[in-house]
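Colleague: Please read through the structure below; I'll follow up with questions.
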Amino acid sequence: MMRKTFYCCAFLLLAGTLGKGQRTPDYDSVVVPQNRIDARDLGYSPIDVIPDGESAITALTVAPNGNVYGATSGKRSHLFVLNPRHGYVQPLGFIPGATAVTSALAVSDSGDVYIGSTPAGHLLKYTPHREDEQPLRINEPCEVTDLGSTIQGEGILALTIDRRAGVLYGLTFPSAHLFKFTLTTGTSADLGVIAHRAPQGEKFQTTKMVSRMLVLDLKGNVYASGEDGFIFRFDPEKQALEKLPVQAPSIPGREPWTRVDAFLLDPSGVIYGGTSDGYLFRFDPESITVSNLGRPLLEYRIGGLVRASNGKLYGVGGDDDDMARLFSYDPQSASYEILGFVDVNRRPYYSWQAYVIQAMAAGLDDTIYIGETERISKLYLFYPR
Amino acid sequence: MNPRLRYGQAAPVMILAVLCLITPPCASSADKVITLDYRIFPGLAEMDGNWAALTVAHDGKVYAGLACHGCDGHMVMYDPATDRVTDLGNLTRLAGEASLRIGPQSKIHAKFGEGSDGRIYFGTHAGLWFNYARVGTKEGYPGAHWMAYDPKTGKFEDFGIGPRYEGINTGAYDPKYNRIYGLTHPRGHFVYYDVASGKAVDKGRINNFESICRTLGIDDEGNVYGNFGAGQIYKYDPRTDEIIELPLHIPIRPKGVSLGRDYNKSETHWRTVVWDSQEKKFYGVDESASLLFSFAPHAGQYGEVKSLGQLCVEGMNDRREIPYATLTLALGRDRKLYYAPPSKEFDYGGSQGIGVSHLIVYDLESGRTEDRGEMRLADGRRVIGLNSADTAPDGTIYFVGAIEVRGAPGREIESAGKIGNVPYRLALVIYHPKTR
């Protein structure tokens, strides 16, 4: 009887806290350790911040000088910069004609920031100029040069840059064209289509499955995933787009609905990727082989993947209706560590948990930047050991 | 403009903290007792909580949602004409999920709404969350169902799952636009179900998981209001389908002063609001210190908020250990606000020891507040704590919450568990202002 009463009381105590979404000390055991993470508002609160509904971070990239540039999606898209020396987010203005910028942000050797806009599909150039001395721009347009449309009628889904060659590569939506844009001449060329049809599905499922990112290898070849999860390569020497005989990993039968969410070039020359089904894989561009490294999480998707100077990969998993978790993968030991929910708890000053994440970037100072992709979003700073 | 990172609050917090520590307790209201009528929910002693889920329909019938953590919630109805309580159904079964053995439909966690068709609309909610380890898993909670109960036929209509994997933590129904609104848990999204079109819509994130605003207020034009950040008011306009963040804040106490549940929340909101159709304004109670305010949404450019005082047990006003506010605010037909705060931090099985609920009355005409004393049943048992309220057409004020259960020789105690060391069960607590 006493035992029954004890369990009853223990259960009710548990129910009394867990049942009502109250934060108890044991919650700290399921989130990223609080001494390794922090968050930034997208501007200077409470007025000069990128507004809610326009703040979902969908692109992050690091400039050669270490500045981190980000772009948002929503009612309007905004460009922002974080100079690691200052540590705060500086909004640079809304991006004219854009409601989304998805993994379509790239910085050239000279520091120019290239933006692939959606839905207009224009390529835009932002040239930083004494940013530290500029006022925060929220309701003013970002000062960009419109370089025009690359593929008529298409939005730009992803961008990457070959800094040495001075060439931008892009992937368009919805028709899945790969294109290049030469910085010196300002000319673009259609390199071909990597998915000719949408996979079989319900009548409302009409989207072609292509990767959400592009990646370059050490030789300047460009890679994407396309139809049936096959890896496509554009070789700039041959000026040829090829469908390689390898696919992103998936359960047999799920290939048509597989895409690569995130790519990462390792200094060793291999390329890591994360798929829509949540698999991490290694792709060797020399041997044209794919190794499936398994799934770190139960959730679909790997919304971001970066490498820290400790040699580990850090990634975020979870779909739009999930609660995102951070993980790491150590190529040396071939082991995962699940770091937990992306949550910052600095009560009584601030506290916020990111549930959807679609952008990550590794800073030159070894800070990992994590972009939240929700109606109210923040930029998270994670410090790898 | 939102739950943004907030700094610079340390000084007022410290001053308030010192003030609170030197304020002596006052117990004068403890001598006063108010006796209330009650009805238990037969066969449902296991039900362990009720939050907000209480609505009186135009015909005087009272609908309540009874929660059960780790098991199935129930919807019940009390008909004062026949003095009968009816169990209308097991929510998991009504959702068609009884045989799945997954996270059950354990609660209705928000007020019901009565449509112009006479149906009672609501959304369901989960019970246990296991630190969100089961969110999105096959054994976890599948998501809240939007539903309607038709008193004419006695049948339910299940409109299906709205937010996937999430519950309706907070909700309100608007008869004008025929929509059920909700705030989801855990991800704090503003969602709605449009009954006529059958469309479920997600307008995105508004709160953090441990600070989801507990009441959505709807005005006479169908605009929906809630809180985010440090008591800031937002408005959803159904004409534009947009959420607008208003430059308006309700009165709150700085975070870190009040102890109990408020201490561990990152945002501060109104706990509850009620709409006054006569004055066309809301009256509400904040969660941090039970601060009473009015919010006139049609006044000025954005609306107008006025501080009206504090609704708490007499002597608690400036104290740090003021219990977390309850969801029991009701506007009487006599132009008085009725509110039932507990004398100790109350949350059913998660309460901080045993206390007694008080009845506080605020007269809208005179602006006077009165603590009518401890609420007890006719046999002297305590009304430990209440967490929902509504007013009947005849002026009766109904509450649902925890009453003390006492054993009798040879009879097993029927209870939901214990608060402190006192067995409790849920009951409908009835107050008749006219017969006072």
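Any read-out appearing in this document is the output of simple, stated calculations on the displayed coordinates, not a laboratory observation. None of the values given here were measured: they were computed from a predicted structure. With ideal geometry, Cβ positions are generated from the backbone for all residues, glycine too; neighbour counts draw on all protein chains shown.
Colleague: Expected output is a single nm value to one decimal: the length gained when fully extending between A:N65 and A:V30, i.e. 0.36 nm times separation in residues minus the C-alpha distance. What is it?
Modeller: On the way: separation 35, 0.36 × 35 = 12.60 nm, distance 3.52 nm.
Computed gain between A:N65 and A:V30 is 9.1 nm.
Colleague: Can you give the extra length, in nm with one decimal, that the chain gains between A:H86 and A:R346 once fully stretched, where that is 0.36 nm per residue apart less the Cα-Cα distance?
Modeller: Working: separation 260, 0.36 × 260 = 93.60 nm, distance 2.01 nm.
Additional length available on full extension: 91.6 nm.
Colleague: Next question. Using only Cα atoms, what Kirkwood radius does region A:126-199 have, in angstroms? Working shown, then result.
Modeller: Details: mean 1/r = 0.0695 Å⁻¹.
Value: 14.4 Å, from the Cα pair sum.
Colleague: Averaging the inverse of every distinct alpha carbon separation and then flipping it gives the Kirkwood radius. What is it for region A:176-323, in angstrom units?
Modeller: Numbers: mean 1/r = 0.0629 Å⁻¹.
For region A:176-323, the Kirkwood estimate is 15.9 Å.
Colleague: Oh, and also: Considering the zone a paramagnetic label at A:S110 would reach in this model (a point 7 Å from Cα along the Cα-to-Cβ line), which residues of region A:150-192 have amide N under 14 Å from it?
Modeller: The answer is A:163-168, A:182-187.
Colleague: Could you rank the peptides B:192-201, B:329-338 by their average count of other C-beta atoms within 10 Å per residue, with the highest value first?
Modeller: In decreasing order of mean packing, B:192-201, B:329-338 become B:329-338, B:192-201.
Colleague: Evaluate peptide B:125-134: per residue, the Cβ atoms of other protein chains within 10 Å of its Cβ; return the mean as an integer. Mind dumping the intermediate values first?
Modeller: Details: counts 1, 2, 4, 5, 6, 3, 11, 11, 3, 1.
Mean inter-chain Cβ contacts per residue within 10 Å come to 5.
Colleague: Here's another thing I want to ask about it. Describe numerically, in nm with one decimal, the distance between label points set 7 Å from Cα along Cα→Cβ at B:T240 and at A:D266.
Modeller: Result for the modelled spin labels: 5.1 nm.
Colleague: Right, something else. Residue by residue through B:233-246, how many Cβ atoms from other chains fall within 10 Å of the Cβ on average? Mind dumping the intermediate values first?
Modeller: Numbers: counts 0, 1, 0, 0, 0, 0, 0, 0, 0, 2, 3, 1, 5, 0.
Mean shielding by partner chains, rounded to a whole number: 1.
Colleague: With each label point set 7 Å from Cα along the Cα-Cβ vector, what nm distance links A:E131 and B:D394?
Modeller: Label-label distance for A:E131 and B:D394, simple model: 7.0 nm.
Colleague: In what sequence do A:L82, B:L128 fall when counting other Cβ within 10 Å, fewest first? Mind showing how you got there, number by number?
Modeller: Values: A:L82 25, B:L128 19.
Neighbour counts put them in this order, fewest first: B:L128, A:L82.
Colleague: A further question on this structure: With a/c under 1.5 counting as rounded, go ahead and sort region A:38-126 into rounded, prolate or oblate using the C-alpha gyration tensor (a ≥ b ≥ c being the square roots of the eigenvalues; past the cut-off, prolate if a/b is larger than b/c, else oblate). Before the final figure, lay out the partial values.
Modeller: Numbers: a/c = 2.06, a/b = 1.06, b/c = 1.95.
Note, shape of region A:38-126 comes out oblate.
Colleague: Over the whole of B:330-341, what's the average partner chain Cβ count within 10 Å per residue? Rounded to a whole number, please. List each step's numbers first, then the result.
Modeller: Numbers: counts 0, 0, 0, 0, 0, 0, 0, 0, 0, 0, 0, 0.
Per residue, the average neighbour count from other chains is 0.
Colleague: Ok, one more. How would you classify chain A from its alpha-carbon gyration tensor, with a ≥ b ≥ c the square roots of the eigenvalues: rounded for a/c under 1.5, else prolate if a/b is greater than b/c, otherwise oblate?
Modeller: Details: a/c = 1.80, a/b = 1.29, b/c = 1.39.
Verdict is oblate for chain A.
Colleague: Can I ask one more? Would you order A:E54, B:E304 from fewest to most other beta-carbon atoms within 10 Å of each residue's own beta-carbon? Mind showing how you got there, number by number?
Modeller: Details: A:E54 20, B:E304 14.
In order of increasing Cβ crowding within 10 Å: B:E304, A:E54.
Colleague: Okay, next question. Send over the per residue convex hull volume for the protein assembly as shown, Cα only, as a whole number of Å³. Let's see the in-between values first.
Modeller: On the way: hull volume 142.7 nm³, N = 821.
Convex hull volume per residue, Cα atoms: 174 Å³.
Colleague: Using the basic label-point model (7 angstrom from Cα toward the beta carbon), what is the B:A299 to B:S197 distance in nanometres?
Modeller: 3.4 nm
Colleague: Sticking to Cα atoms, compute the Rg of region B:142-246 to one decimal and its Dmax as the biggest Cα-Cα distance, whole number, in Å.
Modeller: Taking only Cα atoms of region B:142-246, I get Rg and Dmax of 13.6, 45 Å.
Colleague: Rounded, prolate or oblate: which one fits region B:167-220, using the alpha carbon gyration tensor with axes a ≥ b ≥ c (rounded when a/c is under 1.5, else prolate when a/b beats b/c, else oblate)? Present the calculation step by step, with values, prior to reporting the outcome.
Modeller: Numbers: a/c = 2.64, a/b = 1.57, b/c = 1.68.
Oblate, because a/c is 1.5 or more while a/b does not exceed b/c.
Colleague: Give me the lysines in straight-line cross-link reach of B:K152: C-alpha distance below 23 Å, same-chain residues under 8 apart excluded.
Modeller: B:K61, B:K111, B:K176
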